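Here is the structure we will look at.
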Amino acid sequence: MLLEFTKMHGLGNDFMVVDLISQRAYLDTATIQRLADRHFGVGFDQLLIVEPPDVPEADFKYRIFNADGSEVEQCGNGVRCFARFVHERHLTNKTNITVQTKAGIVKPELGQNGWVRVNMGYPKFLPNEIPFVAEEPEALYTLELANDQNISIDVVNMGNPHAVTIVPDVLTADVAGIGPQVESHKRFPERVNAGFMQVIDDKHVRLRVFERGVGETLACGTGACAAAVSGMRRGLLANSVEVELAGGKLQIEWQEGDVVWMTGPTTHVYDGRLDLRYFQG
């Protein structure tokens, strides 16, 4: 069968977007892994699925699958692309959309020239909300790694789990070595996204993220939210901060006790179709 799809990206964090309202397809873990292959498939960090909502207050249901086939709760860059996709495909004429995710409701607002502002919801910090194994809540935690190496982390749930550590220079940070250890650390029972943040000043940070189930990506929207909120809670950042990632910049806004707002661009790369039989087992 032919499957229609759209390739999009948010700051280089790239997606295969599939409308399963207008067409039907069964995509299991092995099929998703084959589609994600950058040599033999479409190639992407995440697969984004558009479905009818299960709850009356939502316009759409938004499902996210990592390149390894695992389904995850949230993807910030993805929700911006999702909002643009459903609008451009005329699945809705709304510019303010309510989207059901595995983590709850998010509300993207379409702006001009592909820019989207998203209400990302309330950040969570308690260990059981991450989830993270700890005897009691603390401002910072020490994580023991291989070779007697310890790092200091903050934990934030932005619909998906994040560990944030501050580094002197993101360019020289050992993301490839430390990232996988943090991602699969025994204190994170559902694994975690590992963020490495360099504070430039109170309105500007640089960030690299080793994403759960993907590896390091050019940008991570929820990671940018988690890093900014972490820096704000530590008293290092203002309430509006520019997060600079390898793929570009996001603006993150947050006030204590309020929702997090993320603003950033989207790019529609191309539309395509493929014979799904070649990717099924």
D_trans [Stokes-Einstein, Kirkwood Rh over alpha-carbon pairs] for the stretch 1-152, 4 °C, 1.567 mPa s, µm² s⁻¹: 75 µm²/s
Total lysine pairs under 25 Å (Cα atoms) in the chain, excluding pairs fewer than 8 apart on one chain: 20
Rounded to whole angstroms and listed largest first, the alpha-carbon spread of the stretch 127-258 along its three principal axes comes to 34, 32, 24
Once phi is turned into ³J(HN,Hα) by the Karplus curve 6.51 cos²θ - 1.76 cosθ + 1.60 with θ = phi - 60°, what whole-Hz value does each residue of the stretch 152-161 show in order, with x for glycine and proline? 9, 10, 10, 10, 9, 9, 10, x, 9, x
Taking the chain and counting helices only, DSSP H stretches of n ≥ 4 at -39,500 (n - 2.57) each over all residues, the nearest-500 ellipticity at 222 nm comes to -4500 deg cm²/dmol
Considering all projection directions equally, how large on average is the shadow of the alpha-carbon convex hull of the stretch 124-168, in square nanometres? 3.7 nm²
Residue-by-residue Karplus 3J(HN,Hα) for the stretch 101-117, coefficients 6.51, -1.76, 1.60, Hz, glycine and proline x: 10, 5, 8, x, 8, 10, 10, x, 10, 6, x, 8, 6, x, 7, 9, 10
Non-local amide H neighbours of T217 (under 5 Å, H modeled in plane, Pro and chain starts lacking H): which ones? V209, E211
Quick one: which residues, 5+ away or cross-chain, put their amide H under 5 Å from the amide H of V167? H built at 1.01 Å from N. M197, Q198, V199
Computed over the stretch 1-51, the ratio Rg/Rh where both radii use C-alpha atoms and Rh is Kirkwood: 0.95
Using amide H atoms built 1.01 Å from N in the peptide plane, name the residues 5+ places from D37, or on other chains, whose amide H lies under 5 Å from its own. V42, G43
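Taking neighbour counts of Cβ atoms within 10 Å as a proxy for exposure, in what order, fewest first, do R80, R273 appear? Show your work: numbers first, answer last.
On the way: R80 29, R273 9.
Fewest-to-most ranking of R80, R273: R273, R80.
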Among N193, F60, P131, the residue whose Cα sits farthest towards the positive end of the charge dipole of the chain, when +1 is placed on the Cβ of each Lys and Arg and -1 on the Cβ of each Asp and Glu, is F60
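As a test, work out the antiparallel percent of DSSP beta bridges whose residues both lie in the stretch 127-258, rounded to the nearest 5.
Working: 24 of 32 bridges.
Antiparallel bridges: around 75 percent, rounded to the nearest 5.
To the nearest µm²/s, what D does Stokes-Einstein give for the chain at 37 °C and 0.692 mPa s, using the Kirkwood radius over alpha carbon pairs as Rh?
Details: Rh = 18.9 Å.
Answer, rounded: 173 µm²/s.
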Residue by residue through the stretch 119-126, the couplings from Karplus 6.51 cos²θ - 1.76 cosθ + 1.60 with θ = phi - 60°, in Hz, x for Gly and Pro, are 6, 8, x, 8, x, 10, 10, 5
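Bear in mind these aren't lab numbers, they're just calculated from the coordinates by the rules spelled out. Bear in mind the structure is a predicted one, so any value in this text is a computation, not a measurement. Cβ sites come from the backbone with ideal geometry, for glycine too, and all protein chains shown count toward neighbours.
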